[in-house]
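For reference, the structure discussed in these notes is given below.
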Amino acid sequence: MNKIYKILGIKPIGICLVMLLVSISSCKKGLDINESQNFPNEVPLRTILPAAEANLAYTVGGSINRIGASFVQLYAGHRNQPLEYGQYDITPATTDNIWSSMYAGVLADLNSIALRSSAEGNTVYLGAAQILTAYTYSVLTDSYGDIPFSAALGGITNVNPAYDKQEAIYPAIIELLNTGITNVKSNQGNFKPAADDFIFGGDIVKWEKFANSLKLRLYNHTSKVNPTAALTFLNTNPLLMEANADNAALKFGTTASTSNPIYQFDVISGRIDNAVAATLVNKMKASEDPRIPVFFYPVENGALAGQYLGNVAGGDDDDSGSNKFSRVGSAYGATDAPVILMSYAELQYIIAEIRQRAGNTAGAADAYSKALDADFSFLGLASAAAAYKARPEVVFNGTLQRIMEQKWVTMFQAPYESWTDWRRTGFPVLVPAVLNRTGGVIPRRFPYPQLEINLNGQSLTNGPGIPVPYRTILIGVWWDR
């Protein structure tokens, strides 16, 4: 197992055997239990990479985004799971699938890519796997706080991995990104990613831009505990995303099995449980936001048909007839809509925030304007951007609040990250859900999953502790204290 951490640039990795078996079963790889479960001998890199990317995008764009969006009132489901999210009724069982999909699915596959690509000298695959591994761990630690990291992915050699402190994980993720950049830029190997790379099509420069942009995002996450880290990195003039063409996004298909996760969850399943939040819809209406028709589908049936209306956060007014509330629209909820892991628009908002904190108002205003231009252009609304930016509710006024409120709207594209922004900055200012399980306090982390409590309870006890229902989720992670 020592070979694993030499390849990834970190120590050996571990997750419970049951979760590993779940991943093997769900991916239908047909692995022999007497063979290495981390290095599938018969599965080529060109098969594993797209599977890992699709699984990552599906998990982030599905449950992770739905929960995060519900906390920051971009979504407001009216029944079943989406309503539970909106009412902060989040229990350990809620996050079982997220944890197992990310560890036993995404990370296990990325580890397999790293092992094989290193052995074969295919450094572009190796670097891409390392960058995506860093991204995946960043989402996990920002969701849960302390997580198994240096002792994760050991399979049967370590079924009870210890937990690492988030403050130690962040530097390791940054180093993993640095190693990934070095490897993709070395451009070695007898074959390289192309159409099998669903995110960048094998474009080495875009992988480097994404990795550096992700580093800036992570440094910016630490604004409470290390206020100068993001500015220091930005001042090194790293190669960052330069246009929407650099977006880290995975576009889904038009068949039932390849559809966007939002479309699969709410439409193909027939659940029709989710809705968008009145907080967001009303904000956009007040500023006559041209993005409304692509962000939302109008109410479908009844006397309100054709109107754009959101559900109140935590409200349990059932809309199984689709005659009261809007749903996620074509831009991000259509069958073939993309899941965005990081965008050029988000990057420009990050730069605007960094410049504003440093007192560089002109630099902040420039990045803020570029962020809005990028989002409008991505949505096919470039000609409407100038008039929108001139509105009194939108024009840059030099404040962090203005940046973060407009970023919150834009981040309808990636709602999970908007929850991270709210935890860091307190913007937008939100009124807690009308019906909730936490005494009117918006959650600041996910609870550790029930499977982990059942199967790795001692490591949890020795580390962050067994979660207390409806209380642990109110405690900020390391960078949120």
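Quick look at the numbers
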item: Which listed residue is more than 22 Å from the chain's Cα centre (by Cα), among the hydroxyl-bearing types (S, T, Y) and modelled with pLDDT of 95 or more, from T425, T420, T410, T361; result: T361
item: Condition met for G62 (surrounded by 24 or more Cβ atoms within 10 Å (Cβ to Cβ) and modelled with pLDDT of 95 or more); result: no
item: Qualifying positions in segment 89-143 - surrounded by fewer than 24 Cβ atoms within 10 Å (Cβ to Cβ), of a type in the set (D, E) and in contact with a helix residue (DSSP H, G or I) (Cβ under 7 Å, 6 or more places away or on another chain); result: D96
item: Filter pass, N212 being without any contact (Cβ under 8 Å) to a residue 60 or more places away in the chain, among the polar types (S, T, N, Q) and within 19 Å of I340 (Cβ to Cβ); result: yes
item: Any hit, segment 361-381, residues being farther than 30 Å from L214 by Cβ, out of contact with any strand residue (DSSP E or B) (no Cβ under 7 Å at 6 or more places or on another chain), among the small types (G, A, S) and surrounded by fewer than 22 Cβ atoms within 10 Å (Cβ to Cβ); result: no
item: Among the residues listed as I131, I169, I113, I173, the single one being touching a strand residue (DSSP E or B) at 6+ places or on another chain (Cβ under 8 Å) and in a helix (DSSP H, G or I); result: I169
item: Single residue of segment 189-211 satisfying the filter (at pLDDT 95 or above, in a loop (DSSP other than H, G, I, E, B) and not charged (D, E, K, R)) that is surrounded by the fewest Cβ atoms within 10 Å (Cβ to Cβ); result: A195
item: Residue under evaluation A385, criteria (1) farther than 30 Å from L83 by Cβ; (2) free of Cβ contacts under 8 Å to residues at least 12 places away in the same chain, criterion not met; result: (2)
item: Selection status of I350, of a type in the set (A, V, I, L, M), within 20 Å of the chain's Cα centre (by Cα), at pLDDT 95 or above and in a helix (DSSP H, G or I); result: yes
item: Positions within segment 174-212 being farther than 20 Å from F233 by Cβ, aromatic (F, W, Y) and out of contact with any Pro (no Cβ under 7 Å at 6 or more places or on another chain), in sequence order; result: F191, F200
item: Contacts under 7 angstrom Cβ, first residue in segment 192-206 being under 13 Å from M241 (Cβ atoms), partner part of a helix (DSSP H, G or I), 6 or more apart; result: I199/E53; F200/K206; F200/W207; K206/D246
item: Qualifying residue in segment 106-123 (condition: of a type outside the set (A, V, I, L, M), in contact (Cβ under 8 Å) with a residue 60 or more places away in the chain and under 30 Å from N323 (Cα atoms)); result: no
item: Which listed residue is within 30 Å of I354 (Cα to Cα), aliphatic (A, V, I, L, M) and surrounded by 15 or more Cβ atoms within 10 Å (Cβ to Cβ), from A243, A248, A275, A286; result: A248
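The values are calculated or read from the model by the stated rules, or taken from the named source; none is laboratory data. If you're wondering where the values come from, they're calculated on a predicted model, not measured in any experiment. We place every Cβ from the backbone using ideal geometry, glycine too, and count neighbours over all the protein chains shown.
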